[in-house]
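Trainee: So that we are looking at the same thing, I have put the structure below in structure tokens.
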Amino acid sequence: MLKVVKTENGLVRGIPAADPRVISFKGIPFAAPPTGDLRWRAPQPAADWDGVRDCLEFAPISMQSIPGLDETNIYTREWNVDPSIPMNEDCLYLNVWTPAVSTEDKLPVYVWYFGGGLQWGNPAEMEFDGERLARRGIVVVTVNYRLNVFGFLTHPQLWEENPEAPANFGNLDQQYGLFWTKRNIAAFGGDPDNITIGGQSAGGGSVLAQLNCQGNQGYIQKAIVESGIFYDPFQDRMRFTKEELLEQGKRFFAFLGVETLEEARALPAEFIRDKNNAFGAFWGTIPDGVYQTDTYWNNMKAGKLLDVPIMTGFTNNEFFTAPQAEDPDALKKEAEEKFGDRAQEYLDLIHAEDGLEAAKENGLVSSVELGIRKMCSLLEKAGAKQPCYVYEFGPEIPGEDNPGAFHSSDLWFFFETLAKCWRPFTGKHYDLARQMCNYWAEFIKKGDPNGADADGTPMEKWEAFLEEKPAVMTFFDSPRAQVKPEDEVTAFLMDVTARD
């Protein structure tokens with residue numbers, strides 16, 4: 001087993017995982033600490049070290065707020081940040097799990113980006129343990145990156161200082177981790193020419209951001225986007241624009257009591273974190289003209305997204321969208337504004353004559369499913385040569401809260417880490433998790449999720465999604481391949497707003 005590995009910066013020592021056939025390396029520096037004058041700059045090379053660096057524990061998590069443990073909030077209950085977990089602005093570290101016995105093994109590689117709205121999260125969360133995927137012959141890499149205002153501040157002075165890297169620092173960290181992996185993963189027994197990137201929620205959105213960067217050509221062979229693409233026809237535009245975030249950045253500096261980048265970079269990280277919490281703003285990825293030349297929607301339409309096999313899907317109890325109107329007259333006006341001369345057709349579809357609440361209920365659709373269908377449609381129309389494989393996740397999730405297949409509940413399954421969760425999962429859940437992890441592993445290996453189960457039995461065949469045949473693999477009690485045409489409301493929204 002590869003317990004000591006030579007990276008470009010020095011030797012690192014790992015430790016056997018629970019399965020001694022897998023070695024884990026935790027807390028490997030892949031970039032210089034983004035502190036002091038490197039705050040709000042693109043990542044820079046890590047320093048070399050002498051001797052062997054022990055990589056036995058996770059490095060500190062990125063600067064972020066620490067929510068209190070709220071038993072009524074499913075997310076803080078499920079994945080609450082431990083108040084005692086080390087947190088530091090010096091956070092650019094990654095983790096590797098490898099089953100390789102030789103540097104010549106050339107195993108497929110999976111680079112994982114965690115979610116959390118780009119505001120919270122970390123790769124040390126217990127559901128992200130890479131051991132089970134590694135046992136299937138994969139080298140797993142989980143990357144930390146800057147979050148919230150530390151990773152996504154937008155300010156006019158940043159554009160003036162460095163127009164080549166003025167924003168999206170958290171995404172640039174993700175990219176830098178990918179580049180590090182390409183250069184170093186052979187030493188861990190991985191194949192630098194067979195890399196899949198994956199992520200869930202904002203991590204899935206980050207995967208799309210990386211596919212939307214032409215500078216990543218040749219670094220990414222496959223991509224997995226889990227609950228990471230959203231389309232809401234009842235919102236007029238992006239969640240925020242560059243211009244809005246530039247103004248927000250100026251307001252934030254005023255809130256900090258500083259006028260210049262030099263002054264802001266001199267402030268303690270904890271002070272900035274706490275002031276950002278009080279400021280209450282959202283920071284995220286924007287087109288900057290360099291790393292992101294345009295939105296990924298526009299680049300999909302133009303055929304400019306990197307053309308690689310994609311696996312994508314959603315849980316069936318997450319992020320629904322519906323009309324926003326608060327009275328029947330407003331509903332009619334909203335339909336006319338959104339759908340023009342097809343407004344009455346939409347109102348008839350949602351049975352507006354039955355009253356506002358019934359109409360909203362009838363008009364409820366998954367914004368993630370809508371986003372996935374829109375993405376597949378745009379890629380197909382743009383002439384993408386590589387397939388999209390689509391799944392829907394919807395098993396019964398146990399617990400007294402009866403949560404349904406909520407956003408992020410699938411994390412325990414495709415990492416096959418159910419045993420780390422407090423929920424009373426039973427045998428059927430473990431069977432489903434094993435099969436899901438198998439599909440993910442096959443896709444990571446060869447860009448096609450089909451293969452055999454642990455006993456050698458062929459798994460249910462998973463076909464690529466096409467508009468003329470919208471094949472979807474459903475993960476409910478067990479994997480089941482289905483053809484799932486759009487329901488009437490989804491079909492209308494796709495026709496009117498999403499297919500062009």
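The values are calculated or read from the model by the stated rules, or taken from the named source; none is laboratory data. Here the structure is a predicted model, which is why all the values come from computation and not from measurement. In this analysis, Cβ positions are derived from the backbone assuming ideal geometry, glycine residues included, and neighbour counts consider all displayed protein chains.
Trainee: Can you tell me which residue among Met473, Met436 is within 24 Å of Pro123 (Cβ to Cβ) and either modelled with pLDDT of 95 or more or assigned by TED's automatic domain parsing to the domain that holds Arg132 (or both)?
Mentor: Going through Met473, Met436 in turn, the sole match is Met436.
Trainee: If you go through the range 375-400, how many residues are over 18 Å from Ile224 (Cβ atoms) and either part of a helix (DSSP H, G or I) or not assigned by TED's automatic domain parsing to the domain that holds Asp307 (or both)?
Mentor: Step one: list which residues in the range 375-400 are over 18 Å from Ile224 (Cβ atoms), which gives 377-378, 380-383, 385, 394-400.
Okay, now just the ones that are also either part of a helix (DSSP H, G or I) or not assigned by TED's automatic domain parsing to the domain that holds Asp307 (or both), so 377-378, 380-381.
Number of matching residues: 4.
Trainee: How about the range 257-338: which helices (runs of 4 or more DSSP H) wholly inside it have at least 1 residues that are closer than 18 Å to Trp159 by Cβ?
Mentor: Once the helices (runs of 4 or more DSSP H) in the range 257-338 are filtered for at least 1 residues that are closer than 18 Å to Trp159 by Cβ, what remains is 261-265.
Trainee: Shifting gears a bit: Does the range 220-263 hold any residues that are among the hydroxyl-bearing types (Ser, Thr, Tyr), out of contact with any Phe, Trp or Tyr (no Cβ under 6 Å at 6 or more places or on another chain) and closer than 30 Å to Thr490 by Cα, and which are they?
Mentor: Within the range 220-263, Tyr231, Thr241 qualify.
Trainee: Among what's in the range 430-486 and is aliphatic (A, V, I, L, M) and touching a residue at least 60 places away in the same chain (Cβ under 8 Å), pick the residue that is surrounded by the most Cβ atoms within 10 Å (Cβ to Cβ).
Mentor: Ile444
Trainee: Okay, moving on. State whether the residues of the range 219-239 include one that is over 14 Å from the mean Cα position of the chain (by Cα) and either assigned to a helix (DSSP H, G or I) or of a type in the set (Gly, Ala, Ser) (or both).
Mentor: Looking through the range 219-239, none of the residues is over 14 Å from the mean Cα position of the chain (by Cα) and either assigned to a helix (DSSP H, G or I) or of a type in the set (Gly, Ala, Ser) (or both).
Trainee: Give the range 15-38 a look and list any residue that's in contact (Cβ under 8 Å) with a residue 60 or more places away in the chain, assigned to a loop (DSSP other than H, G, I, E, B) and under 19 Å from Val143 (Cβ atoms), or say none.
Mentor: Those that are in contact (Cβ under 8 Å) with a residue 60 or more places away in the chain, assigned to a loop (DSSP other than H, G, I, E, B) and under 19 Å from Val143 (Cβ atoms): Ala17, Val22, Phe30, Ala31, Ala32, Pro34, Thr35.
Trainee: Residue by residue through the range 95-116, note down the ones that are under 16 Å from the mean Cα position of the chain (by Cα) and either among the charged types (D, E, K, R) or modelled with pLDDT of 95 or more (or both).
Mentor: Within the range 95-116, Tyr110, Val111, Trp112, Tyr113, Phe114, Gly115 meet the criteria.
Trainee: Right, another one. Scan the range 261-269 and give yes if some residue there is over 26 Å from Pro43 (Cα atoms), surrounded by 15 or more Cβ atoms within 10 Å (Cβ to Cβ) and either at pLDDT 95 or above or out of contact with any His (no Cβ under 6 Å at 6 or more places or on another chain) (or both), otherwise no. Full working, then the answer.
Mentor: First, pick out the residues of the range 261-269 that are over 26 Å from Pro43 (Cα atoms): none.
Checked against the condition, which is being over 26 Å from Pro43 (Cα atoms), surrounded by 15 or more Cβ atoms within 10 Å (Cβ to Cβ) and either at pLDDT 95 or above or out of contact with any His (no Cβ under 6 Å at 6 or more places or on another chain) (or both), the range 261-269 yields no hits at all.
Trainee: Mind checking which residues of the range 270-295 are among the aliphatic types (A, V, I, L, M) and surrounded by 15 or more Cβ atoms within 10 Å (Cβ to Cβ)?
Mentor: Scanning the range 270-295 gives Ile272, Ala281, Ile286, Val290.
Trainee: Right, another one. Which condition number does Lys360 fail, the rest of (1) modelled with pLDDT of 95 or more; (2) more than 23 Å from the chain's Cα centre (by Cα); (3) surrounded by fewer than 21 Cβ atoms within 10 Å (Cβ to Cβ) being met?
Mentor: It fails just one condition, (1).
Trainee: Is at least one residue of the range 145-163 under 22 Å from Trp440 (Cα atoms) and either outside the structural domain of Tyr113 (by TED's automatic domain parsing) or buried (at least 24 other Cβ atoms within 10 Å of the Cβ) (or both)?
Mentor: Of all residues in the range 145-163, those under 22 Å from Trp440 (Cα atoms) come to none.
No.
Trainee: Also, quick follow-up: Before we move on, is Ala384 at pLDDT 95 or above and either aliphatic (A, V, I, L, M) or buried (at least 17 other Cβ atoms within 10 Å of the Cβ) (or both)?
Mentor: yes
Trainee: May I pose another question? Which of the numbered conditions does Ala352 fail, given that it passes all the others? Conditions: (1) surrounded by 19 or more Cβ atoms within 10 Å (Cβ to Cβ); (2) under 20 Å from the mean Cα position of the chain (by Cα).
Mentor: All conditions pass for Ala352, except number (2).
Trainee: Could you please tell me which pairs satisfy a Cβ distance under 6 Å, a separation of 6+ or placement on different chains, a first residue in the range 371-387 that is closer than 20 Å to Ala202 by Cβ, and a second residue that is among the polar types (S, T, N, Q) and surrounded by fewer than 21 Cβ atoms within 10 Å (Cβ to Cβ)?
Mentor: Filtered contacts from the range 371-387: no entries.
Trainee: Continuing with the same structure: Among the numbered conditions (1) under 23 Å from the mean Cα position of the chain (by Cα); (2) among the polar types (S, T, N, Q); (3) at positive phi, tell me where Thr417 comes up short.
Mentor: For Thr417, the exception is condition (3).
Trainee: Among the residues in the range 26-37, are any more than 27 Å from Ala266 (Cβ to Cβ), in contact with a Lys or Arg (Cβ under 6 Å, 6 or more places away or on another chain), at pLDDT 95 or above and in the same structural domain as Phe169 (by TED's automatic domain parsing)?
Mentor: no
Trainee: Search the range 415-461 for residues being among the aromatic types (Phe, Trp, Tyr) and in a helix (DSSP H, G or I), and hand back the single one that is nearest to Ala134 (Cα to Cα).
Mentor: Filtering the range 415-461 for residues that are among the aromatic types (Phe, Trp, Tyr) and in a helix (DSSP H, G or I), the one nearest to Ala134 (Cα to Cα) comes out as Trp440.
Trainee: Kindly list the number of the only condition in (1) of a type outside the set (S, T, N, Q); (2) in a helix (DSSP H, G or I); (3) under 21 Å from the mean Cα position of the chain (by Cα); (4) more than 17 Å from Ile85 (Cα to Cα) that fails for Glu127.
Mentor: (4)
Trainee: Hey, among the residues in the range 207-260 that are farther than 30 Å from Tyr391 by Cα, out of contact with any Pro (no Cβ under 9 Å at 6 or more places or on another chain) and aliphatic (A, V, I, L, M), which one's surrounded by the fewest Cβ atoms within 10 Å (Cβ to Cβ)?
Mentor: Restricting to residues being farther than 30 Å from Tyr391 by Cα, out of contact with any Pro (no Cβ under 9 Å at 6 or more places or on another chain) and aliphatic (A, V, I, L, M), the top hit is Ala254.
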